[in-house]
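Sharing a structure with you now.
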Amino acid sequence: MQKIEAKTLHMEVTSRLRGMIRSGELSRGQKIDEKHLSELMGVSRTPVREALRVLHSEGVVDLIPYRGAYVTQPSIEEIRDLFDVMGVLEGTCAKLAALRMAEEDLKKIHTLHRSLERHFLRRDHEAYLETNHYVHLMIQELSGNKVLNDVLNGLRQKVLLYRHRQLYYKDRFEKSMQEHRLILEALQECNPSLAEEVMKKHLSNQCEALVDLYSPEQGEADHQRAA
C-alpha cells in the first residue's frame, strides 16, 4: 500500500478506512486492529485513532471502552429507519430541484446521467457508484435549501456504505439504473411530485435490497461481535 504524506495524514487515513469499510475489507461487526492498520498505512497509531473518532462521529465505527473499535453493525430496524429518513429528505430535494433548476442545471444532470449509462454498460460498479454519488449531491444542491443540505451531509457518509454494498446484490445494478432513468424523466418534465415519488422509491428499493442482503448475515455477525 502506498505510504501517506504527512500533510494530509488525518483526512487520508479517514478516507482509506471509509473505503475499506465500504468495500467489505473491514466487515460489519469486525474489530479494527489499530496496530495492523498503522503498519499497513505507514503511519503512527495517533492518526489512526483520530480517524476512528471521526468515523465514530459519523456513525460508521463503534468505540467501546476497554474493548476497542468495531465497524458499526446496525440492526435491520436501524437500516430501515435510516433509509426512511433519507428517502424523505432526498425526495424533498428532488421535488425542490424539479421546481427550481435552470436549463443549465438540467444539462449537467444529463451529462452525469450519460456517464451512469456508460458505466452501467461496461458493468463498472465502482465508477457507477462514484457518478451516482455526484448525481445525488447535485440534486441535493439544486434543492436550494441550506438546512436540508446540511442535514443530508451529516447522514450521507453512513448511507454511502450501504449504497455501495447493495449495488452488487442480485439484480440491483439493473434496477438502480432504471430508477435513475425515471428520476431524470421527472426532472426533465419539471414534475416535482413525480420527482419526489421516484426518488423516495429509489431509496426504498435500496433499503429492501440491503435488508434482504443483511438478514442472513445477522446471526453470524452477532456471534462474531460477542466473541
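Only one of these is of a type outside the set (A, V, I, L, M, F, W, C) and closer than 18 Å to Leu160 by Cβ: Gly29, Gly42, Gly59. Name it.
Only one candidate qualifies: Gly59.
Would you pick out the residues in segment 80-91 that are closer than 21 Å to Arg28 by Cβ and surrounded by fewer than 19 Cβ atoms within 10 Å (Cβ to Cβ)? Quick ask: steps written out before the conclusion?
Quick first cut of segment 80-91, residues closer than 21 Å to Arg28 by Cβ only: 80-86.
Arg80, Asp81, Asp84, Val85 - these are the residues of segment 80-91 that are closer than 21 Å to Arg28 by Cβ and surrounded by fewer than 19 Cβ atoms within 10 Å (Cβ to Cβ).
Does Lys170 qualify as being charged (D, E, K, R), at pLDDT below 95 and over 18 Å from the mean Cα position of the chain (by Cα)?
Working: charged (D, E, K, R): yes; at pLDDT below 95: yes; over 18 Å from the mean Cα position of the chain (by Cα): yes.
Criteria met by Lys170.
Yes/no matrix, rows are residues, columns are (1) closer than 30 Å to Asn191 by Cβ; (2) assigned by TED's automatic domain parsing to the domain that holds Leu155; (3) touching a residue at least 60 places away in the same chain (Cβ under 8 Å):
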| site | (1), (2), (3) |
| --- | --- |
| Gly42 | no, no, no |
| His56 | no, no, no |
| Gly59 | no, no, yes |
| Leu106 | yes, yes, yes |
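Separate question: Is it the case that Phe120 is under 20 Å from the mean Cα position of the chain (by Cα), over 30 Å from Val13 (Cβ atoms) and not polar (S, T, N, Q)?
On the way: under 20 Å from the mean Cα position of the chain (by Cα): yes; over 30 Å from Val13 (Cβ atoms): yes; not polar (S, T, N, Q): yes.
Yes: the conditions hold for Phe120.
Please specify each residue of segment 6-26 satisfying the condition of being over 24 Å from Tyr162 (Cα atoms) and either among the charged types (D, E, K, R) or surrounded by fewer than 15 Cβ atoms within 10 Å (Cβ to Cβ) (or both).
Scanning segment 6-26 gives Ala6, Lys7, Thr8.
Just wondering, is there one or more residues in segment 123-136 that are closer than 18 Å to Pro192 by Cβ, surrounded by fewer than 16 Cβ atoms within 10 Å (Cβ to Cβ) and of a type outside the set (Phe, Trp, Tyr)? Can you show your working first?
Filtering segment 123-136 down to residues closer than 18 Å to Pro192 by Cβ leaves 135-136.
Applying the additional criterion that residues be surrounded by fewer than 16 Cβ atoms within 10 Å (Cβ to Cβ) yields none.
The answer is no; no qualifying residue exists.
Here's a follow-up. Would you mind finding the one in Ala94, Ala51, Ala69 that is touching a residue at least 24 places away in the same chain (Cβ under 8 Å), closer than 16 Å to Met199 by Cα and surrounded by 15 or more Cβ atoms within 10 Å (Cβ to Cβ)? Working first, answer last.
Numbers: Ala51 fails: closer than 16 Å to Met199 by Cα; Ala69 fails: closer than 16 Å to Met199 by Cα.
So the residue among Ala94, Ala51, Ala69 that is touching a residue at least 24 places away in the same chain (Cβ under 8 Å), closer than 16 Å to Met199 by Cα and surrounded by 15 or more Cβ atoms within 10 Å (Cβ to Cβ) is Ala94.
Let me ask you something else. Is it true that some residue in segment 165-186 is under 19 Å from Val71 (Cβ atoms), in a helix (DSSP H, G or I) and touching a residue at least 12 places away in the same chain (Cβ under 8 Å)?
There is at least one residue in segment 165-186 that is under 19 Å from Val71 (Cβ atoms), in a helix (DSSP H, G or I) and touching a residue at least 12 places away in the same chain (Cβ under 8 Å).
The values are calculated or read from the model by the stated rules, or taken from the named source; none is laboratory data. On a predicted model such as this, the values are computed, not experimentally measured, just so you know. Neighbour counts are summed over all protein chains in view; Cβ atoms, including those assigned to glycine, are modelled from backbone coordinates with ideal geometry.
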